[in-house]
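**Student:** First the structure, then my questions, so here it is.
The values are calculated or read from the model by the stated rules, or taken from the named source; none is laboratory data. None of the values given here were measured: they were computed from a predicted structure. We place every Cβ from the backbone using ideal geometry, glycine too, and count neighbours over all the protein chains shown. SASA here: full protein model, heavy atoms, side chains in, ligands and nucleic acids out. Shrake-Rupley method; radii C 1.70, N 1.55, O 1.52, S 1.80 Å.
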Amino acid sequence: MSALQSAGCRILFRSDERRAPFVITFETVAGERIGIVAYAFLATRTPTKNRPQNERSFQIKYGSKLDSKPHYLWSDPLGLYTTLLLGIDPSEGFFVAADSAVHNPTKFFIRLEFKDEHADAIRSKGWHTWERAKRARDGFDEPIEVLVGGTKNHFLDLIRFERSAAKLSPGHRQLLAEKPESISLITDKMLTATSRQVAQPLHPLARELALDPDQILELIANARRLKMAVRGWVAEEHLRSALTTIPGVTKCERLDQEGGPDIHLSYRGGRLLTIECKNVLRRLDQSQRPRIDFQRTRASKSNPCSRYYAASDFDIVAGCLHAVTEKWEFRYTLTAELPPHQECAGKITNNVRIDTTWVGDPALVFKRAYAKLR
């Protein structure tokens, strides 16, 4: 709370510090009112047997270690409060925040590790972001997540970041963290916006909402749930738009099915092909190739292999390079041509690299897909 007060914020409400999670509402110097629900834990550097000497961590725990039930982190369905999941080191004056959506639900007695080098970078730069990869106890790779750390004077920046980054892919979460100046804030224009004349004809939606296009964009930028919904469709919409320009493509449609492919299309009268759009991670591998963490966020407890995709799930993978190139461009390959998982028969590896076998011309992949069907 003192970090917010140091930033000039006025505290409007704070919950009892003896109960978790912590709830705080406050007003910034610009008059912006914000609420947070913070699952906060103590980050320490405690040498542990059989663990690396340069390791730090915070333990996500409330209550007994014997409680094995999954716990759901509270998320405001109205988008007025921002949920934080973080470790705080009060002695060294920094925090490390994880993506609350990745850990929802969570078990209350898990350990989230980071290194001395990350703490050093946070203290020297004030703000730092990095990938965290971990193998689960069952020996399978867990999804890669992106952590963000900052010093005390950047706590308000963290709140604004998490509000903007909610449910982003890891690559885009890291891209946004590396460009804090792009995090949308409520502007004076938004706070004092009034109706004004627009020279060009209004879109039907603008007429329906009685707002001009700039006001609608400002509304999306500053309403977390709206931004989440729009962002979730952006890469897929850029993909659909790119595919419709390919000569021979017909019936190119977006699919809105939970857990299913993103697009289906027909090429030169052939049967419908299904396409999955996957965002790359921000960091390249040692060979300077874009990486895709090719797995679902969750797996069945009884079947850890259910986290991984099979070639039968969709015909084609479109890798969106935006998190690396900051351009809406794609590379394509057949799902059936991706390397197999080493431990799960019939599944595809989660460590996918976009190499020279991926192509920028989707028509070449369409032809290969149809050739395999003969």
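**Student:** If I ask for residues that are assigned to a helix (DSSP H, G or I) and not charged (D, E, K, R), which ones from the stretch 164-179 would you list?
**Tutor:** S164, A165, P170, G171, H172, Q174, L175, L176, A177
**Student:** Name every residue in the stretch 39-73 that is touching a Pro at 6+ places or on another chain (Cβ under 7 Å) and open to solvent by 80 Å² or more (accessible area, probe 1.4 Å), in order of residue number.
**Tutor:** The answer is Q53, Y72.
**Student:** When residues of the stretch 270-309 are filtered for being without any contact (Cβ under 8 Å) to a residue 40 or more places away in the chain and surrounded by 17 or more Cβ atoms within 10 Å (Cβ to Cβ), how many remain?
**Tutor:** Looking only at that region, the number is 1.
**Student:** I need every pair where a residue in the stretch 91-112 that is without any contact (Cβ under 8 Å) to a residue 40 or more places away in the chain and outside any loop (DSSP other than H, G, I, E, B) has its Cβ under 9 Å from the Cβ of a residue that is of a type outside the set (A, V, I, L, M, F, W, C) and surrounded by 19 or more Cβ atoms within 10 Å (Cβ to Cβ), sequence separation at least 6 or different chains.
**Tutor:** Filtered contacts from the stretch 91-112: no entries.
**Student:** Right, next: Within the stretch 115-144, can you find the residues that are under 30 Å from T28 (Cα atoms), surrounded by fewer than 21 Cβ atoms within 10 Å (Cβ to Cβ) and in contact with a helix residue (DSSP H, G or I) (Cβ under 9 Å, 6 or more places away or on another chain)?
**Tutor:** G126, W127, W130
**Student:** Please specify each residue of the stretch 99-114 satisfying the condition of being more than 16 Å from Q53 (Cα to Cα) and surrounded by 15 or more Cβ atoms within 10 Å (Cβ to Cβ).
**Tutor:** Selection gives D99, S100, A101, V102, H103, N104, T106, F108, F109.
**Student:** Check K327, K372 and return the single one that is open to solvent by 70 Å² or more (accessible area, probe 1.4 Å) and within 16 Å of L273 (Cβ to Cβ).
**Tutor:** K372
**Student:** For L78, only one of the following conditions fails: (1) open to solvent by 20 Å² or more (accessible area, probe 1.4 Å); (2) within 19 Å of V148 (Cβ to Cβ); (3) outside any strand (DSSP E or B); (4) aliphatic (A, V, I, L, M). What is its number?
**Tutor:** Condition not satisfied by L78: (2).
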